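The values are calculated or read from the model by the stated rules, or taken from the named source; none is laboratory data. It should be emphasised that the depicted structure is a prediction, and the values quoted were computed from it without experimental measurement. When we count neighbours, we look across all protein chains shown, and the Cβ atoms used for this are built from the backbone with ideal geometry, even at glycine. Side chains included, ligands, DNA and RNA excluded: accessible areas come from the protein's heavy atoms. Shrake-Rupley method; radii C 1.70, N 1.55, O 1.52, S 1.80 Å.
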Amino acid sequence: MDLQFLYSLIVAVFTGGLAGYLGSLMITKRMALVGDALGHVALPGVALALVLGFNPSWGALPALAIGIFLIWLFEIRTKLPMEALTGIVFTASVAIAFLFLPEEKISTALIGDISQIGFWDMLISIILCSIIFLVLRKIFSKMILISLSEDLARAEKVKVEKYNFLYLVCIAITVALGIKITGSLLMGALVITPAAAARNLSRNLYQYSYGALIIGIISCISGVLIFKILGLPTGPFVILTATLIFLISLIFKRK
Amino acid sequence: MPENLILKVRNLNVKLGGERVLENLGFDLREKEILIILGPNGAGKSVLLRTLLGLTSFNGEINWRKDIHVGYVPEEFTVSKNLPLSVKEFFNFKKADSLEISQSLEWIGMKASKKFLGKKLGTLSSGQLRRTLIAWALVDEPDVILLDEPMVGIDIHGRETIYDSLVKLWQKKNQSIILVSHEIGEVCKKADKILALNKRKLFYGLPTKVITPQNLAKIYGSSISL
């Protein structure tokens with residue numbers, strides 16, 4: 001087995017699992033489209049990384065940090081709804097990216113490419129995914145409590161602002177990691193679709209969150225395998241596998 | 001603070017959106033005391049509880065005894081039907097073990113069957129959800145419990161058992177209770193003190209002394225008796 005393929009597979013397993021797990025929280029918090037928006041906010045960084053020839057995930061991170069900071073700043077300054085400001089920032093990001101994104105790199109930026117992964121890229125991805133997963137697992141029940149009733153959470157001495165901030169950082173890093181696999185355009189689906197499928201099939205939080213994690217992994221493995229065997233692009237097939245599982249989940253949906 | 005004093009409130013003023021909703025309130029809560037807060041709808045009762053919990057900004061003085069553990073049952077609590085969160089997992093948020101869960105559910109008159117614990121929180125009836133929420137507030141044995149209209153959505157018989165359970169529990173443990181209600185009734189007989197308010201204090205004191213037709217007219221606008 002060639003090493004490149006193994007690296008891709010490992011990165012896909014870790015990133016897919018993390019994105020699925022995070023997604024179960026994002027749907028509960030009604031933030032399903034945030035992953036989508038942030039995928040676009042990351043685009044200038046992704047474009048820069050592709051021009052300079054390094055891993056798009058590492059370009060995405062600073063772009064996301066700047067984007068999120070701007071949204072936060074505009075919100076304080078204008079008091080406009082957060083979603084309007086996010087809309088402004090993410091479309092502007094796309095516009096900026098297309099100023100210097102070379103034509104032959106457009107598809108990589110938009111739908112991802114996991115075929116070129118080095119050892120260090122893999123190692124850093126594994127470490128980041130593991131840390132973020134552990135942080136999410138730690139804050140998971142508090143985040144659900146906050147989404148049920150913020151008053152109740154605060155009465156239980158949950159530091160809501162601190163948890164929301166940690167959660168946002170986790171989202172940003174997960175989006176940056178996922179962009180390598182599915183690109184800016186499809187990143188949103190990597191967090192939403194596996195979690196939505198798992199939600200249809202589960203009775204409790206444990207089944208829901210770990211179900212989403214497993215479906216995320218299956219989808220990503222399937223994408224990488226299809227690329228290896230048929231030579232078709234990974235990103236779209238990751239998402240299509242997840243979508244297929246979602247459709248199947250509708251049949252078994254628990255009442 | 002005197003030893004058995006748990007909460008001291010003085011000159012409490014709260015404004016919401018420029019409007020004064022609480023004016024110059026003052027009262028005390030001691031150990032093992034049941035304080036009932038009465039008042040018509042919109043009198044600021046829920047705001048008062050939220051302010052005591054530190055959820056609203058205020059002017060004046062709210063002094064809790066140090067390291068006090070407060071349990072809270074909010075008036076509004078709804079759960080989406082399709083949220084996969086089981087009753088047991090809801091209790092696990094408080095790191096409660098099976099014994100503690102079944103004990104607290106029994107306190108408010110429910111059986112902690114395996115089937116019930118496995119149910120989705122969002123599929124419980126409103127009465128069951130209310131009771132579960134009260135049990136959730138009780139499960140880690142707080143020193144004080146703040147209940148905001150805990151009987152909303154519970155039938156008369158259910159109310160009695162919940163009141164009885166609260167009183168029984170209160171006799172066993174040493175906790176204090178602050179209970180908000182918009183109606184007078186059985187509950188007032190069990191209180192140590194009654195605070196009636198409509199933005200400002202209407203009356204405050206022992207139920208036998210303050211529940212008079214004249215005073216009740218202050219709350220409800222016409223003369224009624226218990």
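Averaged over the residues of A:170-183, the number of partner chain Cβ atoms lying within 10 Å of the residue Cβ comes to 0. Mind running the shape call on region A:119-255? Use the C-alpha gyration tensor, a ≥ b ≥ c as the square roots of the eigenvalues: rounded below 1.5 for a/c, prolate if a/b tops b/c, oblate otherwise. It comes out oblate by the Cα gyration axes. Protein-only accessible surface at a 1.4 angstrom probe places the residues A:221, A:131, A:171 in the order A:131, A:221, A:171, largest first.
Please identify every one of the trypsin sites (Lys or Arg not before Pro) in region B:28-79 that sits in a loop by DSSP and has no more than 11 other beta carbons within 10 Å of its own beta carbon. Loop-located and lightly packed - B:66.
Seen through its C-alpha gyration tensor, with square-root eigenvalues sorted a ≥ b ≥ c, region A:19-116 comes out oblate because a/c lies at 1.5 or above while a/b is not bigger than b/c.
Here the peptides B:2-9, A:140-147 are ranked by packing, the mean other Cβ count within 10 Å, and the order with the highest first is A:140-147, B:2-9.
Charged side chains reduced to their Cβ positions (Lys and Arg at +1, Asp and Glu at -1) give region B:68-122 a dipole of some 340 debye around its Cα centre. Remark: accessible area buried at the B-A interface is about 1900 Å², both chains counted, probe radius 1.4 Å.
Taking each of A:157/B:95; B:88/B:114; A:138/B:95; A:29/B:81; B:32/B:193; A:157/B:119 in turn, the alpha-carbon distance tops 20 angstrom for A:157/B:119. Solvent exposure of region B:1-136, expressed per residue, is 46 Å² of accessible area, with all protein chains present and a 1.4 angstrom probe.
With every protein chain kept in the model, how would you rank B:80, A:8 by accessible area, 1.4 Å probe, largest at the top?
B:80, A:8
A cut-off of 5 Å between modelled amide H atoms, ignoring neighbours fewer than 5 places along the same chain, links residue B:203 with B:196. Other protein chain C-beta atoms within 10 Å of residue C-beta, averaged over A:141-151: 5.
Of the chymotrypsin sites (Phe, Trp or Tyr not before Pro) in region A:63-130, not one is in a loop by DSSP (not H, G, I, E or B) with at most 13 other beta carbons within 10 Å. For a label point 7 angstrom out from the Cα of residue B:69 toward its Cβ, which stretches of region B:116-153 have the backbone nitrogen within less than 13 Å? From region B:116-153, the list is B:137-145.
Please give the average number of partner chain Cβ atoms lying within 10 Å of the Cβ of each residue in B:83-94, rounded to a whole number. Working shown, then result.
Numbers: counts 9, 16, 11, 6, 1, 3, 6, 6, 0, 3, 11, 3.
What the average comes to for B:83-94 is 6.
Pairs of Cα atoms under 8 Å, at least six residues apart: use those to get the relative contact order of region B:44-140, whole percent.
The value is 33 percent.
Per-atom-type breakdown for the protein assembly as shown gives carbon and sulfur 60% of the accessible area (1.4 Å probe, protein chains only). The dipole here belongs to chain A: it is taken about the Cα centre, uses +1 on the Cβ of Lys and Arg and -1 on the Cβ of Asp and Glu, and is about 1000 debye.
Taking the Cα centre of region A:1-131 as origin and assigning +1 to Lys and Arg Cβ atoms and -1 to Asp and Glu Cβ atoms, the resulting dipole is close to 500 debye. Entry comment: accessible area of chain A is 46 Å² per residue, from protein heavy atoms only and a probe of 1.4 Å. A DSSP coil position with no more than 13 other Cβ atoms inside 10 Å describes the following GluC sites (Glu not before Pro) in region B:17-93: B:76.
Only one residue of A:238, A:117, A:164 has its Cα farthest out toward the positive end of the dipole of chain A, where Lys and Arg carry +1 and Asp and Glu -1 on Cβ, and that residue is A:164. Considering only chain B, what is the antiparallel percent among its DSSP beta bridges, to the nearest 5? About 50 percent, rounded to the nearest 5. At a threshold of 40 Å², the residues of region A:186-205 that become less accessible to a 1.4 Å probe in the full protein assembly than in their chain on its own are A:199, A:203, A:205. Take the Cβ atoms of residue A:54 and residue B:140, set R0 to 41 Å, and the FRET efficiency comes out at 0.25. Please work out whether the protein assembly as shown counts as rounded, prolate or oblate from its C-alpha gyration tensor, where a ≥ b ≥ c are the square roots of the eigenvalues and a/c under 1.5 means rounded, while otherwise a/b larger than b/c means prolate and anything else oblate? Taking the square roots of the gyration eigenvalues as a ≥ b ≥ c, the protein assembly as shown is prolate. Each of the peptides A:181-194, A:35-48 was scored by the mean count of other Cβ atoms within 10 Å over its residues; in descending order, highest first, they stand as A:181-194, A:35-48.
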